[in-house]
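Data block below; observations after.
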Amino acid sequence: MPRSLLDKKGRRYALSIVEGDPLLVMQLHHQQRLVGEAKCLRASSSTLLLQDIAIANEVIPNPSHDWLRLLHRIPGWQPQPINYRGLGLGSALIRYLIHYARKERFQSLKGQVFQADLENNTKLLQWYQNHGFEIIGVDLADNPDVVARLHLRLPKLAIGGGDRAKSLKVSYP
């Protein structure tokens, strides 16, 4: 079934889910361009490990219309990269991932935050906390690149509780 997520401005993004064993990948596309992705591993029947979540910050548009192809022929014309960050796509994607994990009856969602992640986004730990994750400190002697572990307990969905898709800004056309 086709799925989509909306950004803060109400623009629709196609959501595809590639399920393998043990890999799970959720991808966001805008006008057939990959603009976001969440990668997870099924660690067990009860735990889903978030490996990475990323939203593109510089996507070069491909000419998909005749007039864009004409623009490419103008000497010196260069397409401007599109930044998809700051549009709420990461939040929409993590909310859908949490919804998916609950629906699939996982009991927890876990992950790690690396130093490089914090250098790219200094508010990342707060962002995870805002989405319900517990931040667990780590011993830097074990792995100096990991600055925190993430843990989200997933309560079971109530039977007959209905689909929370609307509150997640998810639509099923």
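Apart from one condition, Leu124 fits all of (1) touching a residue at least 12 places away in the same chain (Cβ under 8 Å); (2) under 20 Å from Arg153 (Cα atoms); the exception is (1).
Only one of the numbered conditions (1) part of a loop (DSSP other than H, G, I, E, B); (2) at pLDDT 95 or above; (3) not charged (D, E, K, R) is violated by Pro155, and that is (2). Considering the range 78-139, the qualifying helices (runs of 4 or more DSSP H), each wholly inside and each with 3 or more residues that are among the small types (Gly, Ala, Ser), run over 89-103. Within the range 1-44, being within 13 Å of Ala56 (Cβ to Cβ) and in contact with a His (Cβ under 8 Å, 6 or more places away or on another chain) holds for Tyr13, Val35.
The values are calculated or read from the model by the stated rules, or taken from the named source; none is laboratory data. Quick caveat, the model's predicted, so the values are computed rather than measured. Note that we place each Cβ from the backbone using ideal geometry, even for glycine, and neighbour counts take in every protein chain shown.
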